[in-house]
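Just dropping this structure here.
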Amino acid sequence: MTKPSGGRALSTILWELSADTRRERIAISDLLVALGDRATGALIFIFAFPNVLPTPPGTSTILGAPLIFLAAQLMLGRAPWLPALVANRSMTRSDFSSLVRRILPWLQRAEGLLRPRLASFTLPPMEYVVGLLSLLLAVLLVLPIPLGNVLPALAISLMALGVLERDGLWVLSGLTVSVAAVFVVYGVLFAMVKATWYFFTQVL
């Protein structure tokens, strides 16, 4: 099971936070506190995975900013930290609950499969490589590329859970998906550039 804080599963922490009726809003800083000393991997997953699912336009741009900060810190081996401008961003508890309900079934299935193995792929210096690759993919994620966010988000999510639970097999799976993501995004960009060039040279 994924246990980012106090031995509790990540799914449990998210559910408890979403069900806390004392809160009117949930800020990113609340997540940092709730997730404890393993917040980096957990938060990277939280900000990346919603982009795998159908979401309103612009979602990847909103979630991408904290994702870039966190991936950079994983790359540098630093404790999770976000500037106040990002950490103080919040959403209503009902919106957060809706988001958690969408994530939870997938996360709980993953928690049943994750276990410590191939640990060398989840520890420094490989952990820093994962951070660097997640940073590059996060940059791709925020670009307005049609259908260009699903594979980068999936790759980041797999690697984040792998690092969080020290499951090297999941990290390797994420690395494989990241290669596919780069090829797909490159193909989409190439097609967009080619279509634009054709429009300006042949249509206009």
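Heavy atoms only, 1.4 Å probe, whole protein assembly: order TYR198, TYR128 by accessible area, highest first.
Working: TYR198 135, TYR128 85 Å².
Largest accessible area first, the list is TYR198, TYR128.
Something else about it: So, with +1 on the Cβ of K and R and -1 on the Cβ of D and E, and no other charges, what is the size of the charge dipole of segment 55-204 about its Cα centre, to the nearest 20 debye?
Working: 10 positive and 5 negative charges, 39 e Å.
The calculation lands at about 180 debye.
What shape does segment 91-167 have by the C-alpha gyration tensor, where a ≥ b ≥ c are the square roots of the eigenvalues, rounded means a/c under 1.5, and otherwise prolate means a/b greater than b/c and oblate the rest? Don't skip to the end; give the middle numbers.
Working: a/c = 2.27, a/b = 1.20, b/c = 1.89.
Verdict is oblate for segment 91-167.
A follow-up question, please. Carbon and sulfur: what percent of segment 107-204's accessible surface (1.4 Å probe)? Walk me through the intermediate numbers first.
Working: 4100 of 5320 Å².
With neighbouring chains kept in place, the figure for segment 107-204 is 77 percent.
Just to be sure I understand the model, the point goes 7 Å from the Cα along the line to the Cβ. What's the resulting ARG8 to MET192 distance in nm?
If labels sit at ARG8 and MET192, their model points lie 4.1 nm apart.
Which angle between 0 and 90 degrees, to the nearest 10, do you get for helix 150-165 versus the longest principal axis of the chain when only C-alpha atoms count?
30 degrees
Still on this structure: Take every Cα-Cα distance within the chain, group them into 5 Å bins from 0 onward, and report for each bin the whole-number percent of pairs it holds.
Histogramming the chain at 5 Å steps yields 1, 8, 16, 19, 20, 15, 9, 5, 3, 2, 1, 1, 0 percent.
The values are calculated or read from the model by the stated rules, or taken from the named source; none is laboratory data. Computed from a prediction, not measured in an experiment: that's the story for all the values here. Cβ coordinates were reconstructed from backbone atoms using ideal geometry, including for glycine residues, and neighbour counts include every protein chain displayed. Surface areas here come from the heavy atoms of the whole protein model, side chains and all, with no ligands, DNA or RNA. Shrake-Rupley method; radii C 1.70, N 1.55, O 1.52, S 1.80 Å.
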